[in-house]
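Notes follow once the structure below has been shown.
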Amino acid sequence: MITLNVNGKSLSYDGDEDMPLLWFLRENAELTGTKYGCGIGQCGACTVHIDGEAERSCTIPMAEVGGTNISTIENLSANGGLHFVQRVWIEEDVPQCGYCQSGQIMATITFLEKFPNPTDEDIDKYHTNICRCGSYDNMRKAIHKAAKLQAEGATS
Ligand code: FES
Ligand code: FES
């Protein structure tokens, strides 16, 4: 039996331990904000936070997540408001089809923890989620704006 904490709730699982975490989140926990894109760790649509780190949940088997704390896109608005990264995403009109965006936002939050004042080169090199709609220009503006809000003290 595997137990893990997802968005503040303790959940358990006793199925195939090779099943990717993404399946558990979407099918068992019914948290469908996290998306399936490539399934091979390339696109980042499935990005969630595991113990505070952005991880691609399509490549992480359930065997590796026992005892961890997982946060998904749904957790960002658990208190009823939007996270500041979500707010700038809306202000800068980042989403187009929207499919990749929960992963983009989860990746941005941990990216800004590591690069609080990112350059365009940092974004190009370390913010590696893929967007098939090409929302990169607006996303770059949103990341810089979010960095400014973070520097002013925004935390959620
Ligand atoms: S679906 Fe996980 S990285 Fe693409
Ligand atoms: S907004 Fe469509 S894939 Fe990114």
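We did not get these values from a lab; they are worked out from the coordinates using the rules stated. The structure displayed is predicted, hence computed values, not measured ones. Cβ sites come from the backbone with ideal geometry, for glycine too, and all protein chains shown count toward neighbours.
Here residue 137 passes the criteria (1) out of contact with any Gly (no Cβ under 7 Å at 6 or more places or on another chain); (2) within 15 Å of ligand 1 (Cβ to nearest atom) except the one numbered (2). Could you go through region 58-72 and let me know if any residue there is in a helix (DSSP H, G or I), away from ligand 1 (no atom under 11 Å from the Cβ), more than 28 Å from residue 14 (Cα to Cα) and in contact with a helix residue (DSSP H, G or I) (Cβ under 9 Å, 6 or more places away or on another chain). No, every residue in region 58-72 fails to be in a helix (DSSP H, G or I), away from ligand 1 (no atom under 11 Å from the Cβ), more than 28 Å from residue 14 (Cα to Cα) and in contact with a helix residue (DSSP H, G or I) (Cβ under 9 Å, 6 or more places away or on another chain). Within region 21-34, the residues that satisfy the criterion of being surrounded by fewer than 21 Cβ atoms within 10 Å (Cβ to Cβ) and either in contact (Cβ under 8 Å) with a residue 40 or more places away in the chain or part of a loop (DSSP other than H, G, I, E, B) (or both) are 29, 30, 31, 32, 33.
Does any residue of region 2-9 turn out to be over 19 Å from residue 75 (Cβ atoms) and either touching a residue at least 24 places away in the same chain (Cβ under 8 Å) or within 15 Å of the chain's Cα centre (by Cα) (or both)? Yes: region 2-9 contains one or more residues that are over 19 Å from residue 75 (Cβ atoms) and either touching a residue at least 24 places away in the same chain (Cβ under 8 Å) or within 15 Å of the chain's Cα centre (by Cα) (or both).
Of all residues in region 39-53, those satisfying the criterion of being among the hydrophobic types (A, V, I, L, M, F, W, C) and in contact (Cβ under 8 Å) with a residue 40 or more places away in the chain are 43, 45, 46, 48. For region 84-125, the candidate set comprises residues that are outside any helix (DSSP H, G or I) and among the hydrophobic types (A, V, I, L, M, F, W, C); within that set, the residue that is nearest to ligand 1 (Cβ to nearest atom) is 100.
Take residue 128 and decide whether it is of a type in the set (Ser, Thr, Tyr), part of a loop (DSSP other than H, G, I, E, B) and crowded, with 21+ Cβ neighbours inside 10 Å. Spelling it out, it is not the case that residue 128 is of a type in the set (Ser, Thr, Tyr), part of a loop (DSSP other than H, G, I, E, B) and crowded, with 21+ Cβ neighbours inside 10 Å. Here residue 51 passes the criteria (1) exposed (fewer than 15 other Cβ atoms within 10 Å of the Cβ); (2) in contact with an Asp or Glu (Cβ under 7 Å, 6 or more places away or on another chain) except the one numbered (2).
Taken over region 52-93, residues that are within 15 Å of the chain's Cα centre (by Cα) and hydrophobic (A, V, I, L, M, F, W, C) amount to 11.
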